[in-house]
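Working notes for the structure below.
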Amino acid sequence: MLKGKNFFCLLDFQRKDIELILDTSFMMKRWVYTNSVQKILEGKSVALIFEKPSTRTRISSEVAVYKLGGFPMVFDKNVLQLSRGETVEDTGAVMGRMVNGIGARVLKHETLERLARSSGLPVVNLLSNFSHPLQGLTDMMTIKEKFGDRKVKISFVGDGRDNVLMSLASISCSLGYDLNVASPSSMRPDPSLMERIEERCDETGASMDFMEDPYEAVRGTSVVYTDVWISMGEESIAETKKKQLGNYRVTSDLMKYTTEDSIFMHCLPAVRGEEVDAEVIDGKRSAVWDQAENRLYTAMAVFSLFL
Ligand code: CP
Ligand code: NVA
């Protein structure tokens with residue numbers, strides 16, 4: 001049972017739970033397309049807190065709760081007393097008395113845990129510095145839509161510590177996919193996280209391999225994924241990162257080394273000319289708009305299962 005649990009990180013869940021969330025996401029898509037969404041959240045209110053900007057996550061979470069019959073309340077941090085120094089604990093305690101669940105996009109991952117402890121409510125991670133599990137679910141949903149249950153090879157090009165990569169890695173290794181990561185050797189994930197990912201790979205037969213050469217990483221893969229070089233909050237180190245990641249751009253030339261049926265994926269927002277060339281993201285292999293649409297169905301699945 002997932003009801004009442006927190007949704008912080010995909011590695012917190014076993015393979016069968018992840019498969020249930022994915023199956024539910026596909027069901028939500030069918031419900032939306034056939035105009036038959038059941039009002040699973042009727043009478044429930046959900047607070048959606050954003051400490052950072054958002055387009056897809058904000059829209060998909062708000063529409064998801066609305067479509068399921070619930071009442072979504074979106075709070076940018078600056079409209080809450082949090083911005084004037086009220087503590088996370090006091091905010092959580094108040095929300096615990098009035099709403100039925102919280103979604104939060106936070107600067108620090110630990111804020112999710114503090115909100116969950118103080119509110120006693122299920123908390124959904126809408127992106128933290130560490131992970132973006134709703135994105136990881138959406139990515140896998142999109143891969144399954146494109147390739148069915150074939151265990152195609154996946155590659156990621158960019159910062160090996162990226163939050164979106166962490167969730168992509170968590171779901172791909174939980175479900176038995178091989179993932180290659182092209183990134184500078186100075187950009188590797190935290191060893192304790194890698195230990196958890198490696199344990200999961202051992203259980204499922206998946207792999208996650210790091211390499212410095214993007215051509216080596218993408219060769220023979222069917223999914224090429226990248227994310228922005230500069231994540232929210234990294235503005236002060238932008239110039240340094242741009243120099244370090246200069247060779248880690250997804251170009252048409254790089255895509256030539258992938259399988260004939262390969263797709264390009266990106267969580268968005270994208271910076272054309274930095275992590276990806278316009279002709280790739282706007283080209284026929286690009287799956288980014290299907291991916292963006294699927295954010296809605298995974299949000300519907302998570303809110304309906306966890307609340
Ligand atoms: N992919 C994603 O989370 O986009 P937003 O930052 O616009 O929500
Ligand atoms: N890595 C990016 C993802 C945005 C959806 C960031 O954290 O800004």
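When E234 is tested against (1) touching a residue at least 24 places away in the same chain (Cβ under 8 Å); (2) surrounded by 13 or more Cβ atoms within 10 Å (Cβ to Cβ), only condition (1) is not met. In the set (1) in the same structural domain as G69 (by the TED database); (2) surrounded by fewer than 19 Cβ atoms within 10 Å (Cβ to Cβ); (3) under 24 Å from C201 (Cβ atoms), I18 fails one condition alone, (2). Just one residue in the set M27, M98, M73 is within 30 Å of L175 (Cα to Cα) and of a type in the set (A, V, I, L, M, F, W, C); that residue is M27.
For region 117-162, what are the residues that are aromatic (F, W, Y) and more than 26 Å from Y215 (Cα to Cα)? If the condition is that a residue be aromatic (F, W, Y) and more than 26 Å from Y215 (Cα to Cα), then F130 is the only one that fits. Tally the residues that are part of a strand (DSSP E or B) and within 13 Å of ligand 1 (Cβ to nearest atom), restricting the search to region 31-75. Number of matching residues: 3.
Does region 263-276 include one or more residues that are without any contact (Cβ under 8 Å) to a residue 12 or more places away in the chain, within 16 Å of ligand 1 (Cβ to nearest atom), out of contact with any His (no Cβ under 9 Å at 6 or more places or on another chain) and of a type in the set (F, W, Y)? No, every residue in region 263-276 fails to be without any contact (Cβ under 8 Å) to a residue 12 or more places away in the chain, within 16 Å of ligand 1 (Cβ to nearest atom), out of contact with any His (no Cβ under 9 Å at 6 or more places or on another chain) and of a type in the set (F, W, Y).
Here E212, E239, E234 are screened, and the one residue that is within 13 Å of ligand 2 (Cβ to nearest atom) and among the acidic types (D, E) is E234.
Inside region 244-261, can you point out the residues that are in contact with an Asp or Glu (Cβ under 8 Å, 6 or more places away or on another chain), polar (S, T, N, Q) and not in a loop (DSSP other than H, G, I, E, B)?
Residue satisfying the conditions is S252 alone.
Condition check ((1) surrounded by 22 or more Cβ atoms within 10 Å (Cβ to Cβ); (2) of a type outside the set (S, T, Y); (3) at positive phi) across all residues:
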{"position": "T34", "(1), (2), (3)": "no, no, no"}
{"position": "E42", "(1), (2), (3)": "no, yes, no"}
{"position": "L48", "(1), (2), (3)": "yes, yes, no"}
{"position": "P53", "(1), (2), (3)": "no, yes, no"}
{"position": "R58", "(1), (2), (3)": "no, yes, no"}
{"position": "S61", "(1), (2), (3)": "yes, no, no"}
{"position": "L68", "(1), (2), (3)": "yes, yes, no"}
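The values are calculated or read from the model by the stated rules, or taken from the named source; none is laboratory data. Note that the structure is a prediction, hence the values are computed from the model and not measured. In this analysis, Cβ positions are derived from the backbone assuming ideal geometry, glycine residues included, and neighbour counts consider all displayed protein chains.
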